[in-house]
Amino acid sequence: MSALIITVVLGIVVLYLGFLNKKAILSPVAVAGLLVVLWFTSGEWNSGAAYFHDMVVFDNFSVAFNISMIILTILIFLFGMDYYRTMEFHVSEHYALMIFALTGAFLMTSFSNFIMLFLGIEILSIPLYILAGGKKYSYRSNEASFKYFMLGSFATTIFLFGIALIYGTTASFYLPEIEQYVAGCNGELHPMLMIGLLFVLIGVAFKIAAAPFHFWSPDVYEGAPTLVTVFMSTVAKTAGIAAFYRLLGMGLLPLPVPLERALWVMTGLTLLVGNMGALRQTSFKRLLAYSSIAHSGFIMLAMLSQHDNSASTLLYYTFVYSLAVIPVFIIFILVKRASNGLEQLSAFNGLFREKPWIAAAFVILMASLAGIPPTSGFLAKFQVFVLSIGQGYLFISLFAIVMAIVGVYYYFMVIREAYTESEFAKPIVLNQLNAALILICTLGVLILGIFYRAIII
Amino acid sequence: MNEITSAIQIIPLEHYILLSIIMFSIGVLGVLFRRNTIVILMCIELMFNSVNLLLTAFAAYHSDLTGQVFVFFIMIVAAAEVAVGLSILVMMKRNVDSVDINQLNRLKW
């Protein structure tokens with residue numbers, strides 16, 4: 001609770017620092033505030049505290065996800081110190097909006113009532129609509145922002161309609177009561193309830209960009225400012241996944257058969273669309289958007305196979321994925337600056353010649369995204385497959401393994417570009433903070449992969 | 001309160017459900033087929049309001065206040081969302097001098 005309040009106050013403080021023209025201390029203040037939030041959040045471990053008439057419950061699941069999201073936000077803000085250094089416009093709003101979005105993400109991981117889930121999704125999304133349009137005079141940024149806004153609110157209304165139908169049958173928004181109602185039905189669910197549950201799942205699936213509700217994601221990732229893209233593909237995604245899992249785990253276990261089928265089809269489609277779509281991309285941000293869709297597919301596979309280990313697998317997968325994505329985007333920004341704003345894959349040309357260490361880190365990070373041992377990305381995928389095969393989802397697991405192999409191709413396509421000679425000289429400027437961030441994240445990816453038993457169990 | 005509830009209950013529940021489904025569908029069709037972005041915003045608003053109507057009717061029939069409280073939350077959030085949406089629209093209008101949805105074609109595939 002205190003973590004929630006401090007986060008909101010921190011956002012307002014950062015806004016006021018903007019009015020006072022204290023641009024240099026924005027990022028340090030935001031990071032320091034987030035460290036305080038981190039301290040308070042970790043204090044809630046094992047407390048299981050419930051607030052607002054049990055509408056929000058900070059159990060260990062939500063505390064673990066919150067801690068991981070705070071760490072990711074701190075890493076993004078440290079990156080922002082360099083990213084926003086050259087920008088002329090008002091930077092404080094960007095930090096403040098990201099902090100407000102983080103508040104919504106906290107609600108999404110800890111809701112136990114549909115009202116809080118709705119508010120969490122909206123508090124996360126509305127700042128993101130604005131952030132996606134952060135470059136006011138760039139037409140692509142406008143377009144990304146408007147597309148995201150329109151499709152996002154469209155999905156929200158479908159989600160709300162689902163909640164209304166569920167409320168109509170169960171007379172409650174409180175998830176444990178809905179669970180009791182569903183359990184009392186003995187598998188014979190009222191059609192209205194079934195449609196309601198399906199609509200709610202569609203609304204949340206939109207947030208994690210699961211096919212066939214993924215169409216916004218490549219456009220928005222490409223058009224939005226890069227730092228916002230990083231925020232969306234790490235923090236917002238983690239929050240969406242936590243909300244999805246919590247919704248399934250609190251309300252609907254075991255899944256009713258039609259819903260399970262729908263989730264099964266969605267998982268398969270997401271894997272297919274994500275990996276096949278990425279094969280033909282030439283723009284790097286777009287490629288990572290499709291890769292992010294593909295990762296959603298693997299994560300949904302873990303959600304489909306409900307088991308006691310599902311939650312820890314999800315946490316591990318999302319954290320490791322985000323930890324690899326942040327430095328990859330930092331490197332992308334560096335090479336983009338060196339090649340006059342080029343966003344194609346060829347922007348990476350000459351990276352090895354210029355900065356061999358960065359190129360080596362880039363290979364490790366891409367290998368982690370592709371799922372190659374000994375990186376943690378491999379272990380995350382391995383755990384997902386262990387779960388899903390153990391629960392008897394053999395066919396879709398095999399399909400996912402094939403898709404993971406397809407994925408290796410496009411990740412290595414980018415690595416090949418990084419080791420190709422550039423046609424013109426590219427002085428890549430790297431400051432110490434960014435170098436440290438890349439180093440920390442790469443080491444994190446390796447250490448979490450090698451010593452994962454010591455950390456997880 | 002009780003008078004309003006009983007007044008709502010004069011009409012059978014099915015009529016409310018049908019009405020909001022029709023309103024919702026009109027909104028969906030508007031979003032899908034209209035080309036003017038302002039009309040699309042209005043259609044999204046219509047969808048929000050059909051949900052509000054449904055929730056109110058259900059709340060009256062269940063004699064449960066939480067549904068009506070939720071309607072307030074939805075109204076506030078919808079207002080915030082439309083404020084953001086309109087400002088994005090203004091930004092777009094300044095850059096390309098048009099509010100036609102077909103202008104949004106720079107990002108594809």
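Quick note: the coordinates plus some simple rules give every number you see, no bench work behind them. No experiment lies behind these values; they were computed from the predicted model shown. Glycine also receives a Cβ, built like all others from the backbone with ideal geometry; neighbour counts cover every protein chain displayed.
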remark   = Quick shape check on the protein assembly as shown: root eigenvalues a ≥ b ≥ c of the Cα gyration tensor, a/c under 1.5 is rounded, otherwise prolate if a/b tops b/c, else oblate, and it reads prolate
task = If a/c stays under 1.5 just call it rounded; otherwise compare a/b with b/c (prolate if a/b is bigger, oblate if not). Do that for segment A:353-457, with a ≥ b ≥ c from the square roots of the Cα gyration tensor eigenvalues.
result = oblate
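Fully extended, how many nm does the chain gain between A:Tyr16 and A:Val257 (0.36 nm per residue separation, minus their Cα-Cα distance)? Can you show the working numbers first?
Values: separation 241, 0.36 × 241 = 86.76 nm, distance 5.17 nm.
Going from the current span to full extension adds 81.6 nm.
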ask   = Which distance in Å, rounded to a whole number, links the C-alpha centroids of segment A:130-150 and segment A:252-312?
value = 26
note = The helix A:175-184 Cα axis meets the longest alpha-carbon principal axis of chain A at an angle in degrees, between 0 and 90 and rounded to 10, of 50
note = Within the under-14-Å Cβ sphere about A:Ser291, not counting A:Ser291, Lys/Arg +1 and Asp/Glu -1 give a net charge of +4
ask   = If you count, for every residue in B:44-54, the Cβ atoms of partner chains within 10 Å of its Cβ, what is the mean?
value = 4
key: Packing-based order for A:433-442, A:320-329, A:76-85, using average beta carbon neighbours within 10 Å, highest first   = A:320-329, A:76-85, A:433-442
ask   = For the protein assembly as shown, what is the mean residue ellipticity at 222 nm derived from helices alone (per DSSP H run of n ≥ 4: -39500 (n - 2.57); sum divided by total residues; nearest 500 deg cm²/dmol)?
value = -25500 deg cm²/dmol
ask   = Relative to the first principal axis of the alpha-carbon coordinates of chain A, what is the inclination of helix A:376-390, with its axis defined by its Cα atoms, in degrees from 0 to 90 and to the nearest 10?
value = 20
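For a test of the definition: using alpha carbon positions, the gyration tensor, and the 1.5 limit on a/c, classify segment B:1-89 as rounded, prolate or oblate.
Oblate, since a/c reaches 1.5 and b/c is not below a/b.
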ask   = How many Cβ atoms of partner chains, on average, are near each residue of B:78-89 if near means within 10 Å of its Cβ?
value = 5
Degrees, to the nearest 10: A:310-338 long Cα axis against longest axis of chain A = 30
Local net charge near A:Asn66, Cβ-Cβ under 14 Å (Lys/Arg +1, Asp/Glu -1) = -1
inquiry  = Using Cα springs under 10 Å in a Gaussian network model of chain B, which residue among B:Ile21, B:Ile76, B:Ile38 shows the largest mean-square fluctuation?
reply    = B:Ile76
ask   = What is the mean number of Cβ atoms from other protein chains located within 10 Å of the Cβ atom of each residue in peptide A:118-130, rounded to a whole number?
value = 3
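Taking the Cβ of A:Ser27 as the center, what net charge do the other residues with Cβ under 10 Å away carry, scoring Lys and Arg +1 and Asp and Glu -1?
+1
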